[in-house]
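Q: Structure provided below as structure tokens; questions to follow.
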């Protein structure tokens, strides 16, 4: 995500959308720190692992960017791609938090809850941007180009 979010921000035409992506990049850095703390609470050493599912979601977004001119229509695609990533992350953090509860690792539960809340908020922000302005801008742009 560290590599994808700056590219996604740069690909957008909406200043509000760009700001949302840039803001979420900062949060994502905090998520990594929290995950390191979760591993400490579990007395385990973290090791990086590539998620094929996340890689596929990012590739879908990159394909959409390369096949859509920079316009409000691309912004709608960026939001859709980012929503899919957020939903994947929400599922992953939610499942991990539930397992931490089962294990009784309360420190991990609270750390994961903070990250889960930020992921949900990011998803809500993207949806709000789509519904409040970006989708309408794309519709206007599509009507003009006809």
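Each value in this text was obtained by applying a stated rule to the coordinates, not by laboratory testing. On a predicted model such as this, the values are computed, not experimentally measured, just so you know. Here Cβ is always computed from backbone atoms with ideal geometry, including for glycine, and neighbour counts include all displayed protein chains.
Q: What is the pair-distance distribution P(r) of region 1-44, computed from all Cα-Cα distances in 10 Å bins starting at 0, with each bin given as a whole percent?
A: 29, 37, 21, 11, 2
Q: Next question, about the same structure. Given points 7 Å out from each Cα along the Cα-Cβ axis, report the residue 110 to residue 87 separation in nanometres with one decimal.
A: For residue 110 paired with residue 87, the spin-label model returns 3.3 nm.
Q: Then there is this: Could you give the length gained on full extension between residue 54 and residue 19, defined as 0.36 nm per residue of separation minus the Cα-Cα distance, in nm?
A: 10.4 nm
Q: Would you calculate, for the chain, the mean residue ellipticity at 222 nm contributed by helices, counting each DSSP H stretch of 4 or more residues as -39,500 (n - 2.57) and dividing by all residues, to the nearest 500?
A: Computed ellipticity for the chain at 222 nm equals -27000 deg cm²/dmol.
Q: Using the Kirkwood radius over Cα pairs, work out the Stokes-Einstein diffusion coefficient for the chain at 10 °C and 1.306 mPa s, in µm²/s as a whole number.
A: The estimated diffusion coefficient comes to 97 µm²/s.
Q: Compute the distance in nm between two label points, each set 7 Å from the Cα along the Cα-to-Cβ direction, one at residue 45 and one at residue 29.
A: Label-label distance for residue 45 and residue 29, simple model: 2.7 nm.
Q: For region 55-89 and region 1-42, what is the centre-to-centre distance using only Cα atoms, to the nearest Å?
A: 15
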